[in-house]
Amino acid sequence: MPSASPASDRWIVLKFGGTSVSRRHRWDTIGRLAKQRADENGARVLVVVSALSGVTNELTAIADGAADSAERVAKLEQRHREFLAELELDADAVLGERLAVLRNLLVDPRVASRALDWQAEVLGQGELLSSTLGAAYLRAQGLDFGWVDARHWLQASILPNQNAWAQRLSVSCNTAPDQDWRRAFAEQPNGLLLTQGFISRHADGGTAILGRGGSDTSAAYFGALLGAQRVEIWTDVPGMFSANPREVPDARLLTRLDYYEAQEIATTGAKVLHPRSIKPCRDAGVAMAILDTERPDLPGTSIDGNARTVPGVKAISRRNGIVLVSMEGIGMWQQVGFLADVFARFKKHGLSVDLIGSSETNVTVSLDPSENLVNTDVLAALSADLAEICRVKVIAPCTAITLVGRGMRSLLHKLSDVWAMFGRERVHLISQSSNDLNLTFVIDEADADGLLPVLHAALIESDAMPVEETSVFGPRWREIVGGVRRRGTPWWRARGERDALLSLARAGTPRYVYHLATVQARARALAAIPAIDRRFYAIKANSHPALLNAIVAEGFGLECVSQGELERVFAAVPALPVQNVLFTPSFAPRGEYAFALDKGVTVTLDNVEALKHWPELFRGRELWLRVDLGRGDGHHDKVKTGGKTSKFGLPLSRVEEFLAEARALDIRIVGLHAHLGSGVETAQHWRQVFDELGGIAEQIGTIQSIDIGGGLPIPYTEDDEPFDLEAWSAGLAEIKAAYPGYQLVIEPGRYLVAESGVLLTHVTQVVEKQGIRRVGADAGMNALMRPALYDAWHDVANLTRLDDTAEDVFDVVGPICESSDVFGKRRRLPAATAEGDVLLLADAGAYGYSMANTYNLRELPAEDVIGGDGNDGAAR
Ligand code: ADP
Ligand code: ASP
Ligand code: MG
């Protein structure tokens with residue numbers, strides 16, 4: 001279809017923000033997109049642009065009377081001239097006149113008083129410059145663009161009670177449908193038009209400004225007035241996210257929102273869309289989209305009236321610079337008209353109040369700096385007036401942190417972790433909006449740093465933010481910008497392995513199946529790390545003989561925590577030299593130490609009492625010592641194995657005492673060990689443990705081996721990144737260089753075996769109860785305890801229907817008579833899932849069978865091993 005003719009009355013409005021207009025190739029994108037939209041939709045296109053990025057900040061400083069204004073103007077001129085050179089345009093011909101206007105504003109008679117109308121003229125120059133150079137460039141590229149002065153079309157409307165500042169520098173415009181306006185606008189001859197955001201016409205003929213970030217609103221006004229098909233906001237992020245992606249890299253793209261939620265997210269701090277830009281579009285029924293100029297092919301965020309309503313938190317946003325005004329009155333609620341008196345004084349100063357909290361004797365309100373001019377003069381005047389009726393305290397600067405989403409009230413029970421996090425800060429005010437769309441906490445600005453990423457994670461963790469709802473939530477920011485490493489396709493998806501599993505399932509379920517090649521691959525990856533001298537596999541994760549042999553064949557020793565595990569090792573791998581066996585029990589009975597010492601394996605102790613109570617057992621031996629570095633870490637509170645509340649490890653304060661006791665018994669302490677927990681996600685953790693242990697080893701003097709434990713995580717969910725072995729290994733190498741005299745020892749468990757194992761189970765029943773569909777499995781928490789014990793996640797797949805799309809939502813439960821017998825809630829499985837299908841619980845190779853029990857007198861699961869590469873040691 002050819003470009004729409006000027007006569008077309010269908011419009012699309014495209015708005016490009018500061019960064020989107022500051023580079024030549026982005027103007028090429030603007031031209032291409034405008035033409036594409038016109039061609040595809042048979043519509044006319046109005047492009048609205050911001051000033052080049054950073055320019056409005058400079059102009060604001062100049063309007064505020066900065067002492068170095070002349071220099072700033074000179075720099076602005078230079079910046080625009082340089083950009084015109086990049087665009088290969090003649091600077092004087094294109095911008096000569098406009099630059100002269102900018103210079104002249106510095107010698108304007110209104111400068112001294114910093115008159116508001118002069119400030120507005122200054123601020124508006126950025127958009128006038130950018131739109132002028134943009135139109136010239138696009139025309140030079142052969143596009144038929146007309147330049148439009150936005151002030152000719154957008155009239156500022158004066159709202160009652162606005163102060164003079166707002167009436168000039170933070171105005172709104174009337175968008176009531178007006179056929180004459182629309183007709184006149186459409187009469188402009190060019191098919192494509194380019195205009196400025198941010199500026200409008202004041203009733204006195206001068207310029208009026210729409211407020212910082214107001215170019216979005218300009219686009220919305222034009223969209224509403226033109227009854228446009230769509231308003232597209234093109235910016236430097238590919239949509240509205242569940243938090244500012246620059247602060248929370250794990251923020252999710254919000255793919256589709258209704259106007260109300262989008263409004264709330266914008267109002268509460270998501271700078272990506274100006275808060276005043278949504279209502280005009282909503283009222284006129286114009287759909288909006290937020291898109292990324294640098295990545296124009298991404299779908300972005302759509303905002304319209306037909307978006308599906310999904311309850312839950314959609315976003316968390318933050319506004320800085322909030323001012324709280326706390327007013328202490330005497331018997332205020334009983335006093336007729338107290339609040340009226342208070343608010344009359346805010347009105348007098350043209351201040352709009354945002355949040356309100358009240359008690360018997362106190363009213364506290366917040367002022368949002370993006371809606372108000374809240375400088376010290378204004379606050380002093382307000383305080384003086386308020387002092388006539390109450391005691392006033394101004395608390396600033398504060399940050400308002402807001403959770404946005406439908407049905408906040410019904411979510412409160414899921415927010416306990418979030419409340420707990422705020423519990424550590426001083427919360428000045430909590431406010432729940434009466435439209436049930438937001439919950440806001442006001443805290444000191446200084447306390448807010450670093451809080452959003454943690455809150456965002458807690459919201460997902462606690463199910464309050466339903467990120468599995470793919471109709472609303474898209475990928476994470478980090479994923480979009482390419483900062484995420486993906487876990488590989490699991491072995492069991494391969495056709496051959498899948499068929500093998502289905503045939504094994506026919507022999508009966510529940511059944512664990514281990515894929516030996518996966519164990520071997522993990523073992524080899526660890527064996528290839530040069531800084532590590534000795535590796536032990538912690539067999540508590542999975543003590544299947546075939547796995548033990550395969551791991552030993554890769555050069556690992558084995559680490560045991562009980563006599564039973566030692567006996568398993570001696571039976572399964574009889575050829576393993578005892579030096580390659582570690583015994584690291586916790587609160588084991590005396591007889592188990594005696595057994596281990598008798599066998600000649602390396603024993604680790606972690607308390608002084610054992611030496612004191614059983615001196616003859618240990619006299620003259622070589623032992624390792626496990627210390628507690630004073631803190632724990634890990635994927636769940638229940639797997640943290642350090643710190644005062646943990647039963648593991650000798651506290652550092654008692655190391656001296658331990659060593660004295662050992663010396664008296666002629667014991668040599670030759671190994672030093674610490675293990676802080678399981679599933680620790682930061683690669684830096686072990687480097688630090690190594691470093692701390694190195695320091696302690698130096699003091700002890702007899703240490704030969706430093707054992708930094710295990711705890712390496714695996715990616716259980718699609719969102720988990722695979723562990724960064726390279727970063728881990730680099731960190732270890734660095735510390736190794738500082739302590740070259742020690743053997744570095746590791747003892748991972750989960751990392752080697754978790755991904756190798758799956759639990760197969762048959763579907764017993766599919767039952768619907770009051771809106772929740774449950775798939776029953778013949779395996780329960782007795783077969784795989786991790787979900788019940790740690791809220792652990794295991795992917796669930798219907799192996800029988802692996803090629804069907806998994807689009808229906810089910811809870812997956814077992815047959816055990818416990819409410820916690822749930823493998824996963826709201827999991828996606830094929831709609832046809834039915835009795836007899838084989839379900840697969842993934843990544844169950846670690847702490848699956850080894851924790852299984854016969855609760856409810858259900859039998860232990862069966863076990864099979866498949867798929868080794870022949871190098872897996874002894875017979876099975
Ligand atoms: P433009 O100059 O294109 O108008 P803005 O800087 O005004 O761009 O808005 C885009 C910025 O908004 C992003 O770079 C991002 O840092 C910020 N932002 C804050 N909150 C959000 C959010 N929830 N989603 C997306 N972006 C956000
Ligand atoms: N240039 C103006 C600002 O920076 C308006 C906008 O970009 O939205 O505030
Ligand atoms: Mg903006």
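Values in this text are rule-based calculations from the coordinates and carry no lab data. Keep in mind that what you see is a predicted model, and the values were worked out from it rather than measured. All Cβ positions, even for glycine, are placed from backbone atoms using ideal geometry, and neighbour counts span all protein chains on display.
Before moving on, here are some points about what is shown:
- Extension gain, Q229 to D417, is 63.4 nm, computed as 0.36 nm per intervening residue step minus the present C-alpha separation.
- Loop-resident GluC sites (Glu not before Pro) (DSSP state other than H, G, I, E or B) in the stretch 347-434 with no more than 11 further Cβ atoms inside 10 Å of their Cβ: E360, E388.
- For F823, the amide hydrogen comes within under 5 Å of the amide hydrogens of V812, V813, G814, counting only partners 5 or more places away or on other chains and with H modelled in the peptide plane.
- The modelled label-to-label distance for the pair A384/S503, using points 7 Å beyond Cα in the direction of Cβ, is 9.2 nm.
- For the stretch 122-193: rounded, prolate or oblate by the Cα gyration tensor [a/c cutoff 1.5]: oblate
- Take the Kirkwood radius over Cα pairs of the stretch 262-303, plug it into Stokes-Einstein at 25 °C and 0.890 mPa s, and you get 222 µm²/s for translational diffusion.
- Estimated inter-spin distance, Q688 and R114, nm [label 7 Å along Cα→Cβ]: 4.6
- In a fully extended conformation the segment linking S433 and S359 would gain 24.9 nm over its present Cα-Cα distance, using 0.36 nm per residue.
- What the Kirkwood sum gives for the stretch 762-876 is a hydrodynamic radius of 15.1 Å, with every pair of different alpha carbons counted.
- Average 1/r across all pairs of distinct alpha carbons in the stretch 523-634, invert it, and you get the Kirkwood radius: 15.1 Å.
- Histogram of C-alpha separations across the stretch 333-449, 10 Å bin width, %: 11, 39, 34, 15, 1
- Rg over Rh, two decimals, the stretch 382-436 (C-alpha only, Kirkwood Rh): 1.11
- Semi-axis lengths, Å, the stretch 666-744, gyration tensor of Cα atoms, sqrt of 5 times eigenvalues: 27, 13, 8
- The share of Cα pairs per 10 Å bin across the stretch 184-236, counted from zero up to the longest distance, runs 20, 49, 28, 2 percent.
- The stretch 1-155: C-alpha pair distances exceeding 28 Å, %: 26
- Per-residue Cβ neighbour rank within 10 angstrom, fewest leading, I460, I700: I700, I460
- Here the scattering of the stretch 66-137 is modelled by Debye summation over its C-alpha atoms, one equal scatterer each and no solvent; at q = 0.14, 0.28 Å⁻¹ the log10 of I(q)/I(0) is -0.44, -1.34.
- For a straight C-alpha distance cut-off of 20 angstrom, the aspartates and glutamates reachable from K75 (same-chain residues fewer than eight places away being disregarded) are E58, D64, E86, E88, D90, D92, E97, D108, E121, E127.
- Hz values of 3J(HN,Hα) by residue in the stretch 203-218 - Karplus curve (6.51, -1.76, 1.60), Gly and Pro given as x: 4, 7, x, x, 8, 10, 9, 8, x, 4, x, x, 5, 4, 5, 4
- Cα convex hull, the stretch 692-845: 142 Å³ per residue, rounded to a whole number.
- Length added when fully stretched, S471-A831, from 0.36 nm per residue minus Cα-Cα: 127.8 nm
- Shape summary: the stretch 439-524 maps onto an equivalent ellipsoid whose semi-axes, from the alpha-carbon gyration tensor, are 41, 17, 14 Å in decreasing order.
- Using θ = phi - 60° in the Karplus curve 6.51 cos²θ - 1.76 cosθ + 1.60, the 3J(HN,Hα) couplings for the stretch 659-671 round to 5, 5, 4, 5, 4, 4, 9, 6, 8, 9, 8, 10, x Hz; x is entered for Gly and Pro.
- Packing around the peptides 807-818, 157-168, taken as the average count of other Cβ atoms within 10 Å per residue, puts them in this order, highest first: 807-818, 157-168.
- Amide H partners (placed H, <5 Å) of A538, local residues excluded: E559, G749
- Taking the C-alpha atoms only, the angle from helix 495-505 to the longest principal axis of the chain is near 50 degrees.
- Taking other C-beta atoms within 10 Å as the exposure proxy, F222, F587, F185, F595 rank F587, F595, F185, F222 from fewest upward.
- Using a cut-off of 22 Å between Cα atoms, the listed pairs K271/K393; K540/K640; K314/K414; K599/K736 include K271/K393; K599/K736 as exceeding that distance.
- The chain: antiparallel DSSP beta bridges as a percent of all, rounded to 5: 55
- The order of H544, H152, H685, going from fewest to most other C-beta atoms within 10 Å of their C-beta, is H152, H685, H544.
- Counting Cα-Cα pairs of the stretch 481-555 in 10 Å increments starting at 0 gives whole-percent bin shares of 14, 36, 34, 14, 2.
- With Rh defined as the Kirkwood radius, the inverse of the mean 1/r over Cα pairs, the Rg/Rh of the stretch 569-644 is 1.03.
- With the helix formula -39500 (n - 2.57) applied to DSSP H stretches of n ≥ 4, the chain reaches a computed 222 nm mean residue ellipticity of -9500 deg cm²/dmol.
- Inverse mean reciprocal Cα-Cα distance (Kirkwood Rh) of the chain, Å: 31.9
- Here the alpha carbons of the stretch 102-226 define both size measures, Rg and Dmax, at 15.3, 48 Å.
- Size of charge dipole - the stretch 26-73 - debye, nearest 20, with Cβ of Lys, Arg +1 and Asp, Glu -1, no other charges: 380
- On Cα atoms only, tilt of 116-140 relative to the major axis of the chain in degrees: 80
- Derived scalar couplings ³J(HN,Hα) [the stretch 345-351; Karplus, 6.51 cos²θ - 1.76 cosθ + 1.60; whole Hz; x for Gly, Pro]: 6, 5, 4, 4, 8, x, 9
- With one equal scatterer per alpha carbon and no solvent term, the Debye-computed log10 I(q)/I(0) for the stretch 167-277 at 0.18 1/Å reads -1.01.
- To the nearest ten degrees, helix 516-527 and the longest principal axis of the Cα atoms of the chain are 80 degrees apart.
- Panel note: the C-alpha atoms of the stretch 452-602, placed on their principal axes, show extents of 62, 44, 34 Å (largest first).
- Remark on the stretch 240-388: ratio of C-alpha radius of gyration to 2.2 N^0.38 Å is 1.32.
- Estimated FRET transfer efficiency (E71, D149; beta-carbon r; R0 30 Å; 0.05): 0.55
- Calculated over the stretch 233-310, the projected area of the Cα convex hull averaged across directions stands at 5.0 nm².
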